[in-house]
1. Per residue of A:83-93, what is the mean number of Cβ atoms on other protein chains within 10 angstrom of that residue's Cβ?
2. Set the Förster radius R0 to 51 Å, insert the Cβ-Cβ distance between A:Lys257 and B:Leu241 as r into 1/(1 + (r/R0)^6), and round the FRET efficiency to 0.05.
3. Treating only the Cβ of Lys, Arg, Asp and Glu as charged (+1, +1, -1, -1), what charge dipole size does the protein assembly as shown show about its Cα centre? Round to the nearest 20 debye.
4. Using a 10 Å cut-off around each Cβ of peptide B:149-162, what is the average number of partner chain Cβ atoms that fall inside?
5. So for the pair B:Leu95, A:Asp170, with labels modelled 7 Å out along Cα→Cβ, what separation do we get in nm?
6. I'd like the orientation of helix A:112-125 relative to chain A: the angle between its Cα long axis and the longest Cα principal axis, in ° from 0 to 90, rounded to 10.
7. Work out from phi, with θ = phi - 60° and the Karplus expression 6.51 cos²θ - 1.76 cosθ + 1.60, the ³J(HN,Hα) of each residue of region B:8-20, listed in order in whole Hz, and give x for Gly and Pro.
8. Please find the FRET efficiency linking A:Asp156 to A:Asn183, where r is the Cβ-Cβ separation and R0 is fixed at 22 Å, and quote it to the nearest 0.05.
Amino acid sequence: MDGQSQIIIERVNHTYRPPRGRPVLALSDVSLDVRPREFLALLGPSGCGKSTLLYLVGGFLPTETGRIVVKGKPVTAPGPDRGIVFQHFALFPWKSVRANILYGLERQRMPRAERERRAQAFIDLVGLSGFEDSYPSQLSGGMKQRTAIARTLAFDPDILLMDEPFGALDAQTRALMQTELLNIWKRTPKTVIFVTHDVQEAVYLAERVAVMSARPGRIKAIIETKFDDRDPGLTRSKEFVEKVDELWNLVREEAIKAQSIKAQENQEKKPSS
Amino acid sequence: MRATLSYLPLVLLAVAWEAIARLNLVDSSALPPLSKVGLAWVDLIRGGELVNNGAASLYRGSVGLLLAVLGGGGLGLCMARWRLLDVFVNPLVELFYPLPKSALIPVTVLWLGFGDGSKILLIFLGCMIPVTIGAYNGARGSDHALVWSARSMGANRLRMMWDVVVPSALPELLNGIRTALALAFILLVSSELIVSQQGFGYLIGYLGSTGSYEGMYAVVLTVAFLGFAADRIYQLFIQWLLRWRD
């Protein structure tokens with residue numbers, strides 16, 4: 001299978017139709033291939049449709065034009081081969097940490113003893129031992145996201161879709177979580193699509209970065225960001241700083257465009273209200 | 001200490017009641033002393049009137065309320081998920097919402113007669129509205145990301161509905177049921193007062209019309225206490241059920 005693409009995104013458009021107001025073209029003619037066990041970052045300004053693209057791969061939104069193929073099959077619905085981690089964690093607030101992690105395993109009809117063992121293994125992996133019976137409301141942001149990652153890893157999807165997973169965390173927690181994610185990824189290699197608007201995060205985590213344009217989102221460039229060793233000291237190395245610069249130059253223009261789009265929209269909204 | 005203190009106004013009210021009646025500040029047939037009301041209550045319990053009529057009322061109230069919770073809860077959840085149903089039923093709910101449900105008392109009697117059926121139907125119809133609205137609003141507010149998470153972990157639509165939409169709707173649904181609980185008491189007693197041969201409302205009306213005002217007050221206080229206790233117990237139940245919140 002190596003060398004072949006695990007996810008094929010081909011000429012995908014997506015129009016967002018708000019209940020009131022004009023339809024908005026969110027994605028325009030997006031094509032992208034993702035290789036098995038690759039860590040790919042989708043980088044772009046806010047509102048560029050990068051999360052929309054992720055939701056399309058997840059099967060949460062219907063593909064209207066173009067096609068998305070995962071492991072040889074067109075995407076029609078969500079499925080446990082594609083796990084997702086959201087920015088705001090999306091934990092079931094009425095379930096304890098353990099029950100959250102068990103949920104996917106229960107849906108996969110795993111035998112009880114095995115799923116208990118597996119849930120505990122992932123609780124330990126993300127360092128939440130001792131908090132098994134806590135409810136999400138009793139946890140810090142970082143712990144919530146650890147729970148969410150453990151929940152998704154536990155049912156062992158081939159593909160991990162991450163929607164700005166560290167966007168709601170403070171800077172220190174964020175840095176720790178990035179390193180942890182890389183460690184986990186090295187141990188259990190999965191295909192990862194990681195959505196972010198943080199250039200440094202994209203370069204640090206991903207092997208390839210797909211830069212998206214301001215709305216309507218297009219793939220503007222795909223940049224290799226492979227480094228021999230990804231220890232935390234990497235971020236101070238010359239080659240890393242140069243990569244960040246190169247990508248920042250690509251993104252900056254789009255970020256400025258995105259701001260003016262937003263300003264224009266706010267202007268349009270005002271007279272009608 | 002604070003909990004004990006919060007009952008102080010009740011004690012003061014009781015003392016004031018007794019004093020006003022004893023000092024004949026008010027005609028003693030309009031306001032018999034509380035102690036006499038207490039004695040009348042004991043008589044009503046001994047004679048079995050209070051228990052028999054109470055059982056009839058509680059049966060009607062709980063069956064009506066249970067049907068309203070099941071019907072209204074189900075309807076509200078389905079309306080939130082299926083737009084077509086929403087479009088059809090929402091105007092009916094809005095139309096029915098401001099109607100004083102007691103206006104339906106003669107209608108339900110016309111349909112189902114003087115017995116249990118008409119009271120149960122009335123309570124069902126009246127209590128269904130707040131439950132439906134609670135379930136509807138709660139389910140509409142359920143987080144997209146939770147729905148998607150459950151789906152991606154292998155839950156089918158029905159499973160997701162039960163595992164995500166229902167618990168998401170629970171806080172508002174439970175509040176709707178609390179409103180319905182209070183409404184059930186109102187509808188129960190007023191319908192029994194008007195057309196019935198049994199129940200708390202009937203007993204209040206009967207004792208009032210035969211001049212046994214001590215007994216009448218005893219039944220009124222019993223209903224008030226039951227309403228209060230039901231609400232308190234229900235609130236404890238909610239607290240336990242929603243213990244996962246902060």
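1. 5
2. Efficiency, from the Cβ-Cβ distance: 0.55.
3. Result for the protein assembly as shown is approximately 640 debye, rounded to the nearest 20.
4. 6
5. 5.7
6. Between helix and principal axis, roughly 60 degrees.
7. 4, x, 5, 4, 4, 4, 5, 5, 4, 4, 4, 5, 4
8. Values: r = 17 Å, r/R0 = 0.79.
According to the calculation, E is roughly 0.80.
The values are calculated or read from the model by the stated rules, or taken from the named source; none is laboratory data. Because the structure is a prediction, the values reported are computed rather than measured. Neighbour counts are summed over all protein chains in view; Cβ atoms, including those assigned to glycine, are modelled from backbone coordinates with ideal geometry. Calculation scope for accessible area: heavy atoms of the full protein, side chains included, ligands and nucleic acids excluded. Shrake-Rupley method; radii C 1.70, N 1.55, O 1.52, S 1.80 Å.
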